[in-house]
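The values are calculated or read from the model by the stated rules, or taken from the named source; none is laboratory data. Keep in mind it's a predicted model, so treat the numbers as computed, not measured. Cβ placement follows ideal geometry from the backbone for every residue including glycine, while neighbour counts extend to all protein chains displayed.
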Amino acid sequence: MGGQGNGKKVKLLGTWFSPYVQRVVWVLNVKDIDYEWVEQGFRDSKYRSQLLVKKYNPMIKTVPVLVHHGRPVLESLIILEYIDETWKNNPILLSDPYERAMARFWENLIDQKVEITTLCIISLFLSF
Ligand SMILES: N[C@@H](CCC(=O)N[C@@H](CS)C(=O)NCC(=O)O)C(=O)O
């Protein structure tokens, strides 16, 4: 998985079905960044690697986690900004401060809606 160039310097800890993870995968691909994929199970920390729960994200144990030169970056939107600021080719963020602010507003709103929708789907399954 991934493009060329940076070899094992970049790891992405994720689950394939997560929209938060997929947005990071998309940006890594747009920027042609080579990375190592480390698949994690969902929710229960017994299905998650020691790398995630003990080393890189012991506090909240969520994915995605981007590891660059051994240092973890957490939270998908923060990861996107980190990638864009670190790899300058094919920029994804807008340069105008107002437009950036508006883009962040929409990102946050969509995130809130995704979380609500996910909770609704999980509750629906649990109700059977
Ligand atoms: N705000 C976080 C949300 C990440 C998140 O909720 N990830 C889910 C996968 S879709 C997760 O790891 N859930 C496991 C858990 O909550 O224990 C982000 O944008 O990275």
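A few points about this structure:
- Long-range neighbours under 8 Å by Cβ, at least six apart or interchain, first residue without any contact (Cβ under 8 Å) to a residue 24 or more places away in the chain within the stretch 60-84, second more than 6 Å from the ligand (Cβ to nearest atom) and small (Gly, Ala, Ser): 61/45
- Any hit, the stretch 85-94, residues being under 28 Å from residue 33 (Cα atoms) and in contact with a strand residue (DSSP E or B) (Cβ under 9 Å, 6 or more places away or on another chain): yes
- Scanning the stretch 87-99 turns up no residue that is over 14 Å from the mean Cα position of the chain (by Cα), aromatic (Phe, Trp, Tyr), under 20 Å from residue 26 (Cα atoms) and surrounded by fewer than 14 Cβ atoms within 10 Å (Cβ to Cβ).
- Taken together, the residues in the stretch 53-97 that are among the aliphatic types (A, V, I, L, M), more than 16 Å from residue 19 (Cα to Cα) and in a helix (DSSP H, G or I) amount to 2.
- Residue 32, sole failed condition from (1) of a type outside the set (Ser, Thr, Tyr); (2) assigned to a loop (DSSP other than H, G, I, E, B); (3) away from the ligand (no atom under 13 Å from the Cβ); (4) loosely packed, with under 14 Cβ neighbours inside 10 Å: (4)
- Residue match in the stretch 99-114 (condition: in contact with a helix residue (DSSP H, G or I) (Cβ under 7 Å, 6 or more places away or on another chain) and of a type in the set (S, T, N, Q)): no
- Residue 115 vs. criteria within 15 Å of the ligand (Cβ to nearest atom) and in a helix (DSSP H, G or I): yes
- Top-ranked residue of the stretch 67-83 - restricted to ones that are farther than 21 Å from residue 114 by Cα and not basic (Lys, Arg), ranked as surrounded by the fewest Cβ atoms within 10 Å (Cβ to Cβ): 69
- Residue check, residue 46 modelled with pLDDT under 95, touching an Asp or Glu at 6+ places or on another chain (Cβ under 7 Å) and surrounded by fewer than 12 Cβ atoms within 10 Å (Cβ to Cβ): no
- Screening 3, 7 for residues that are modelled with pLDDT under 90, more than 9 Å from the ligand (Cβ to nearest atom), on the phi > 0 side of the Ramachandran plot and loosely packed, with under 15 Cβ neighbours inside 10 Å leaves exactly one candidate, 7.
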